[in-house]
Every structure is written in C-alpha cells, then in structure tokens.
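The next block holds one structure in the form of structure tokens; read it before the comments.
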Amino acid sequence: MELDAAAPSGYVVRRATREDLPEVIRLNRENLPENYSEDFFEEVLESNPETFLVAEEGGADGRKGRRLAGYIMCRVEIGFPLVGRAPLVKKGHVISIAVAPEHRRKGVGMALMVEGMNALRSRGCSEVYLEVRVGNAPAISLYRKLGFRVSRRIPGYYRDGEDAFVMARSL
C-alpha cells in the first residue's frame with residue numbers, strides 16, 4: 001500500500017543528482033550535529049539513487065542556483081527484522097533527513113519521508129527504520145504520525161552522548 005506522497009504546495013520532491021550534493025551537504029552541516037564525509041554522500045547516491053531525494057521550492061524547471069529545502073538519504077540493507085519475525089529481511093534505513101528552518105512545519109519533512117518510504121518499498125523493502133535523538137520531539141512526533149514505533153533505545157549513540165531511539169515500521 002503506497003502512502004500519499006503529495007509534496008506541499010510550492011515544493012517538488014525529486015531524486016537527488018550529483019549536482020545537488022553540495023547543497024545536500026550544506027543542509028546536513030547547517031542543520032544536523034552529525035555530519036558525513038562528502039565521499040559517504042556520493043557513495044549512497046551512487047548505490048541507492050532511487051532512495052536519495054531532495055525537496056526544492058517551486059517547479060522542477062532546471063534553474064541553477066536554487067537552494068534546496070531539504071533532503072532524505074536512505075539505503076537498502078539486509079538484516080534481522082525490527083518488525084515481525086522473519087529470519088532476514090530487506091529493510092530500508094533512513095540514514096539522514098534534514099529540512100532547512102525556513103521550510104519546517106510546511107509538510108516538507110512529511111513529503112520527504114513518504115516519498116522515501118515509497119521508494120524503499122518499490123526496491124523490495126518490507127520495513128523501514130531510523131535512529132533519532134531521544135530529545136528531538138518534533139522528529140519523533142513526525143515519525144509517530146507515519147506509523148513508526150520505538151524498537152529500542154541505544155545509550156550514548158550520538159557523539160555528544162545523547163541516546164537514540166531506533167524507530168521502525170512495516171512497509
């Protein structure tokens with residue numbers, strides 16, 4: 001069952017391109033305390049292009065220089081399920097999602113999550129999971145609205161010592 005993936009009015013959610021990576025990296029560095037190397041972003045884009053998405057304001061008219069509103073970076077993994085009891089499953093991992101402050105509370109994060117989950121489902125994933133700071137109430141609220149449940153808590157997961165919830169749901 002596909003989720004409603006309509007982007008909010010005035011935004012377009014599309015696959016990321018190599019040309020988007022500088023803006024994606026900027027969004028990551030400016031909005032999240034956890035940062036990845038440029039090589040990591042490139043590797044995920046190359047290996048999982050269908051599940052690495054960006055949101056931009058306006059139409060997809062190809063204008064250069066536009067700043068992205070947000071991104072979601074996911075990958076497909078094989079592992080033990082967090083939902084259900086199968087021995088091994090194909091699951092989606094939401095590695096990172098960020099929305100610029102001026103675009104928050106407009107549905108951009110929801111649209112990125114829904115599009116990302118639909119892309120993971122189309123790649124054969126039966127579940128999706130992510131890690132989130134236990135103190136990030138707005139993100140936890142969004143994930144709960146999307147049907148995620150806390151699977152476990154990881155003490156000291158983040159560099160600054162904050163714990164993480166692992167949240168998961170079936171696709």
### Query
What part of the accessible area of the chain, given as a whole %, is carbon or sulfur when the probe is 1.4 angstrom?
50
### Task
Using the Cα centre as the reference, give the magnitude of the dipole from point charges on the C-beta atoms of region 93-149 (Lys, Arg: +1; Asp, Glu: -1; all else neutral), rounded to the nearest 20 debye.
180
### Message
Suppose each label sits 7 Å from its Cα in the direction of the beta carbon; what would the ARG105-GLU30 distance come out to in nanometres?
### Response
1.9
## Note on the structure
Each label sits 7 Å from Cα toward the beta-carbon; between GLU19 and ALA137 the label points are separated, in nm, by 4.2
### Message
Given Cβ point charges of +1 (Lys, Arg) and -1 (Asp, Glu) and nothing else, what value in debye, to the nearest 20, does the dipole of the chain about its Cα centre take?
### Response
620
### Task
Please report the relative contact order for region 1-131, taking Cα pairs under 8 Å with a sequence separation of at least 6, and give it as a percent rounded to a whole number.
29
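How many Å² of accessible area per residue for the chain, probe 1.4 Å? Walk me through the numbers on the way to the answer.
On the way: 8870 Å² over 171 residues.
Per-residue value: 52 Å².
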### Query
LEU146 versus ASP163, label points 7 Å from Cα toward the beta carbon: distance in nm?
2.3
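The values are calculated or read from the model by the stated rules, or taken from the named source; none is laboratory data. Everything numeric here is computed off the predicted structure, so don't read it as measured data. FYI the Cβ positions are ideal-geometry reconstructions off the backbone, even for glycines, and counts take in every protein chain you see. Accessible surface areas use protein heavy atoms only, side chains included; no ligands, DNA or RNA. Shrake-Rupley method; radii C 1.70, N 1.55, O 1.52, S 1.80 Å.
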